[in-house]
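Data block below; observations after.
Here, each number is a calculation from the coordinates, and none is a lab measurement. It should be emphasised that the depicted structure is a prediction, and the values quoted were computed from it without experimental measurement. Cβ sites come from the backbone with ideal geometry, for glycine too, and all protein chains shown count toward neighbours.
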Amino acid sequence: MKNTIGTSLSLTLFGESHGSHIGAVLDGIAPGIPVDEAEIERLLSKRRPRSALDTPRREKDNFQIVSGVFNGKTTGSPLCILIPNENTKSGDYRYGNARPSHADYAAYAKYHGFEDYRGGGHFSGRITAALVAVGGILIPALGRLGITLGTHIAACGDALDRPFGDIRADIDALEESTFPTLDPHAAEAISKEILAARADCDSIGGRTESAVCGLPAGLGEPWFDSVESLLSHALFSIGGIKGIAFGEGFGFASLRGSEANDPFRIKDGCVVTETNKNGGVNGGITNGMPLLFSCAVKPTPSIAKTQRTVDFIEMQEVELSIEGRHDPAIIRRICPVIDSVTAFVLCDMLTARYGTDVLLKGIPKS
């Protein structure tokens with residue numbers, strides 16, 4: 001029964017969707033790192049539901065840092081963030097009815113019926129607010145090292161956004177954007193796809209694309225602690241993510257080596273590659289090029305259409321039409337969650353390689 005990830009840094013999530021609070025504990029963080037609560041709030045606002053594209057459940061996310069920060073700087077002790085749940089409707093949930101593609105039955109099998117089932121309990125996407133709050137501390141810390149990152153909606157239904165071009169400029173634009181697309185016209189097309197799914201009492205999935213600039217070459221380990229394996233481990237903990245691909249990903253399957261390889265060059269005294277089909281990683285280790293990966297995000301499993309399922313308490317087959325307040329798509333709201341999880345993994349990897357003070361003192365010159 002473990003809810004902690006990380007090596008040099010560790011992150012623990014706690015709470016349930018309809019409990020009094022959710023939260024996170026970040027341990028191993030160096031003392032003296034600036035913590036700007038306005039940055040935390042800004043990132044939380046990107047995740048927060050705000051329109052017909054999202055769940056009607058509105059939470060203010062009035063977070064409180066209860067330990068680990070003093071006078072606006074980390075103290076080096078465990079940093080704990082609490083976020084209250086202030087808008088719950090537990091009566092919408094009936095225990096024993098396994099909602100298709102939800103964790104209801106799997107949770108019952110693991111926790112022997114003692115789990116808090118309301119709103120999905122500890123498995124709810126509500127818990128990702130705590131991840132984003134931690135991201136509001138770690139993303140600026142990376143930024144002070146010259147490492148920037150961003151995620152946009154690459155596809156939703158038949159609607160497509162353009163891929164990353166000038167990656168640094170695109171990341172800067174995403175930071176200021178209220179809707180995570182690179183092309184403003186794509187935002188409108190994606191919104192139409194989501195609203196059409198809602199009108200049909202259904203939901204829709206999509207694909208995100210993420211980029212990280214400024215990572216030093218040489219980060220990561222071969223085999224089991226490669227950049228890809230550590231990021232995948234963490235990103236797959238986000239319930240809606242069902243696939244991850246780095247660089248060309250599954251596109252490599254139809255290429256020849258001459259098409260898939262990234263030729264090396266020297267530019268301004270640095271080793272670079274002409275192309276970046278491998279997404280900034282060779283042998284599980286960063287090569288200094290932008291880190292690129294995509295995530296497949298499944299449709300929200302809570303839909304109002306009638307579905308066949310079982311009552312696992314009464315052990316009988318039943319039909320279910322899910323009530324309550326749910327997103328017709330989580331593709332917009334998952335983008336800051338992906339950024340926050342990515343930031344945690346990168347900070348953990350950096351501190352493992354360069355020491356816990358790297359987020360304060362910077363990356364040593366090779």
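Over the chain, what relative contact order in percent results from Cα pairs under 8 Å that are six or more residues apart?
23
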**OP:** Amide H neighbours of residue 67 under 5 Å, at least 5 residues apart or on other chains, H built in the peptide plane: list them.
**Re:** 80
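If you rank 14, 164 by fewest surrounding Cβ atoms within 10 Å, what's the result? Don't jump to the answer; show the numbers that get you there.
Working: 14 17, 164 22.
Exposure proxy ranking, most exposed first: 14, 164.
When each pair of different Cα atoms in the range 123-275 is counted once in the 1/r mean, what is the Kirkwood radius in angstroms, to one decimal?
Numbers: mean 1/r = 0.0554 Å⁻¹.
Its Kirkwood hydrodynamic radius stands at 18.1 Å.
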**OP:** Just name one of 75, 24, 43: the one whose Cα is farthest towards the positive end of the charge dipole of the range 16-89 (beta-carbon charges, Lys/Arg +1, Asp/Glu -1).
**Re:** 43
Original post:
What FRET efficiency comes out for the pair residue 51/residue 264, r = Cβ-Cβ distance, R0 = 51 Å, nearest 0.05?
Top reply: 0.65
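Take the alpha carbon atoms of the range 13-52, find their radius of gyration, then divide it by 2.2 N^0.38 Å using N residues; give the quotient.
Working: Rg = 13.7 Å, N = 40, 2.2 N^0.38 = 8.9 Å.
Relative to the rule-of-thumb radius for its length, the range 13-52 sits at 1.53.
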Subject >> Within the chain: Cβ-based charge dipole about Cα centre, in debye rounded to nearest 20 (Lys, Arg +1; Asp, Glu -1) >> reply: 260
Original post:
In a solvent-free Debye calculation with one equal scatterer on each Cα, what is log10 I(q)/I(0) for the range 1-70 at q = 0.19, 0.20, 0.26 Å⁻¹, listed in the order of the q values?
Top reply: -1.01, -1.09, -1.34
**OP:** Could you list 110, 73 in order of exposure, starting from the residue whose Cβ has the fewest other Cβ atoms within 10 Å?
**Re:** 110, 73
Original post:
Using modelled backbone amide H atoms (1.01 Å from N, in-plane), which distant-in-sequence or interchain residues come within less than 5 Å of residue 282's amide H?
Top reply: 287
Original post:
If you bin the C-alpha pair distances of the chain every 20 Å from 0, what whole percents do you get?
Top reply: 28, 57, 14, 0
Subject >> Per-residue HN-Hα couplings for the range 137-142 [Karplus 6.51, -1.76, 1.60; θ = phi - 60°; Hz; x = Gly/Pro] >> reply: 9, 7, 4, x, 4, 5
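What translational diffusion coefficient, to the nearest whole µm²/s, does the range 186-286 have by Stokes-Einstein, given a Kirkwood radius computed over alpha-carbon pairs, a temperature of 10 °C and 1.306 mPa s viscosity? The partial results should precede the final answer.
Numbers: Rh = 16.4 Å.
Rounded, D is 97 µm²/s.
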Subject >> Calculated on alpha-carbon atoms, Rg and Dmax of the range 214-366 in Å >> reply: 20.7, 70
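Arrange 319, 41 by Cβ neighbour counts within 10 Å, fewest through most, would you?
Details: 319 9, 41 15.
Ranking 319, 41 by Cβ neighbours within 10 Å, fewest first, gives 319, 41.
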**OP:** Go through the range 276-293 residue by residue and turn each phi into a ³J(HN,Hα) via Karplus (6.51, -1.76, 1.60, θ = phi - 60°); whole Hz please, and just put x for glycine and proline.
**Re:** 9, 5, 8, x, x, 9, 10, x, x, 10, 4, 10, x, 7, x, 7, 10, 8
Original post:
Between the range 270-334 and the range 1-34, what's the alpha-carbon centroid distance in Å?
Top reply: 22
